[in-house]
Amino acid sequence: MDTIFQGFISAFKLMAALDPTLLQIIWLSLKVSGGALVLAILLGLPLGALLALKRLPLRGLILSVVNTGMGLPPVVVGLFVYLLLSRSGPLGFMELLYTPGAMIIAQFVLACPIVTSLSHTAIVNVNPIIRQAARVLGANPLQEALTVIREARYGIMTGGIAGLGRVTAEVGAVLMVGGNIAGYTRVMTTTIALETDKGNFDLAIALGVILLGLSLIINVALRAFQRLGRASSGVVLWD
Amino acid sequence: MGLSLELAGIYKTYNGHEILRDCSWVFEEGLTYALMGLNGTGKSTLLRICALLETPDQGRVSYLADQKPLAPDLELRRRLTLLLPGVGVFNTSVFNNVAYGLKIRSVKRREIEKRVMAILDVVGLAHKRRERALDLSTGQAKRLGLARAMVLEPEVILLDEPTASIDQENTEIIEGIIRKMKAEGKATIILVTHDPAQAARLGDKLLLIQDGRLLPG
Ligand SMILES: Nc1ncnc2c1ncn2[C@@H]1O[C@H](COP(=O)(O)OP(=O)(O)O)[C@@H](O)[C@H]1O
Ligand SMILES: [Mg+2]
């Protein structure tokens, strides 16, 4: 009991003092997960939109692959990205292993299926009348597609936030490809794992509390977007 | 200088059911046509075909200016519009809904502002311009749909049950707007309605769909 209590006391001291190590770890976590999310949206949103709006060949197969990707265990992703980036791997020449770049790639692989799949779902679920309305108001095919995508924007943002939630919480992939190097590739989750292992609870608890807070913010945002995306009740005129 | 519309031998089948058969008519420019028919007789289908949203299985839809047929391209599509029975309100403000068609035509911002505000005044929604359009009542949503169509100054306007399932007050407002459009005489109007009295009040010509055929009413 005493250790835990002491741990919390020291943790809050660290936070109150804006401890540089703590801040650096948080900052890197945000950079890695934020970077991964941006890349995931750049690829996942157009892909989800294409799958939703066009009759692509192999669409069913691609969707199955994407949906499987949503449940990939982070250590498996860590393993494959490791193999890809290791010195003898196909991308070994880039010398990215054990850098923040490698961590971004791994988290991108984790976030992308979520962003793609939830974008696809959001766009597919836009009422077909929106597309008709855009057309009869004079939209060209591109404007028509963009109008449907914009109508799905809150669902798409939900996908982005869900992807962010997944990558900020995972530890397996970043640990394997980042190496948890102090001052360089140490993020919140890997630090918690390591410091707990060593019995240093204060930094671990401080980061744990912050991670919980972040997770709370993410969930509040998720609910807000879901609410905004819902059409108001009763008066909407479906065809 | 308006548009007339010529339907020639239109057939449409859904799931093995022949909904429209051999529908032909010439809609002259500047006139208002009231189209009636029982539920499920294909009135909405015919309007969607006229709006170039759907293609008939057989037959021809031609728009003519000065007797010359026009190619069914984007330029032509932008001279006509359809008010869908469900409107299809976009999840944005009332103002942005009405501005939509002007924005995609790259109209200048200042002119958009002017034209949208003028139309919102006409339909009595100016005070709601900043509100979320999805929060409007059914009658207000129908007026929004009408405003969104009228702001484009279409030469052909297709209205699919613009006063269905709304109250007397909203119906009167909408009929007033249609009457005003008629008086200006710039647009060819095809109005689908269930209400024979409304058809008589607004239509220059009455039409009926019966057993898939388009007949004079
Ligand atoms: N997209 C569609 N797919 C299949 N059936 C349709 C479709 N649109 C309309 N129908 C059918 O065609 C018939 C005519 O529909 P509609 O044109 O909406 O009639 P109305 O507007 O006169 O009530 C109905 O039986 C309807 O179920
Ligand atoms: Mg109908």
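The values are calculated or read from the model by the stated rules, or taken from the named source; none is laboratory data. Remember, predicted model here, so these are calculated numbers, not experimental data. A quick note on method: Cβ atoms are made from the backbone with ideal geometry, for glycine too, and the neighbour counts reach across all protein chains shown. The protein model used for the area step is the full one, side chains on, heavy atoms only, and it has no ligands, DNA or RNA in it. Shrake-Rupley method; radii C 1.70, N 1.55, O 1.52, S 1.80 Å.
Tell me which of these B:S4 doesn't satisfy, since it passes every other one: (1) more than 10 Å from every other protein chain (Cβ to nearest Cβ); (2) within 16 Å of ligand 2 (Cβ to nearest atom).
Status for B:S4: all satisfied but (2).
When the range A:91-126 is examined, which residues are found to be in a helix (DSSP H, G or I) and open to solvent by 40 Å² or more (accessible area, probe 1.4 Å)?
A:F93, A:M94, A:I104, A:I105, A:F108, A:V109, A:L118, A:T121, A:V124
Among the residues of the range B:87-99, write down those that are crowded, with 24+ Cβ neighbours inside 10 Å and in contact with a Phe, Trp or Tyr (Cβ under 8 Å, 6 or more places away or on another chain).
Scanning the range B:87-99 gives a single hit, B:N97.
Could you list, in sequence order, the residues of the range B:15-42 that are among the β-branched types (V, I, T) and either farther than 16 Å from B:G217 by Cβ or within 15 Å of ligand 1 (Cβ to nearest atom) (or both)?
Once the filter is applied, which keeps residues that are among the β-branched types (V, I, T) and either farther than 16 Å from B:G217 by Cβ or within 15 Å of ligand 1 (Cβ to nearest atom) (or both), the range B:15-42 yields B:I19, B:T41.
Go through the range B:140-178 and give me each residue that's open to solvent by 20 Å² or more (accessible area, probe 1.4 Å), small (G, A, S) and either outside any helix (DSSP H, G or I) or within 13 Å of chain A (Cβ to nearest Cβ) (or both).
B:A164, B:S165
I'd like to know if the range A:162-180 contains one or more residues that are touching a residue at least 40 places away in the same chain (Cβ under 8 Å) and within 12 Å of chain B (Cβ to nearest Cβ).
Within the range A:162-180 (the criterion being touching a residue at least 40 places away in the same chain (Cβ under 8 Å) and within 12 Å of chain B (Cβ to nearest Cβ)), the answer is no, since none of the residues qualifies.
Please give the number of the condition B:V122 fails out of (1) within 13 Å of chain A (Cβ to nearest Cβ); (2) surrounded by fewer than 21 Cβ atoms within 10 Å (Cβ to Cβ).
(1)
List pairs: first in the range B:78-106 and closer than 14 Å to A:R131 by Cβ and at the interface with chain A (Cβ under 8 Å from one of its Cβ atoms), second assigned to a loop (DSSP other than H, G, I, E, B) and open to solvent by less than 10 Å² (accessible area, probe 1.4 Å), Cβ under 7 Å, 6+ apart or cross-chain?
B:L82/B:A51; B:Y100/A:L137; B:Y100/B:F90; B:I104/A:G138; B:I104/A:A139
Answer yes if at least one residue in the range A:142-150 is more than 18 Å from A:L45 (Cβ to Cβ) and of a type in the set (D, E, K, R), and no otherwise.
no
Is it the case that the range B:52-64 has a residue that's within 11 Å of chain A (Cβ to nearest Cβ) and of a type in the set (F, W, Y)?
no
State the number of residues belonging to the range B:125-139 that are surrounded by 15 or more Cβ atoms within 10 Å (Cβ to Cβ) and not in a helix (DSSP H, G or I).
Selection size over the range B:125-139: 4.
Would you mind stating whether B:A71 is in a helix (DSSP H, G or I), of a type in the set (G, A, S) and more than 16 Å from ligand 1 (Cβ to nearest atom)?
Taking the combined requirement at face value, the residue does not satisfy it.
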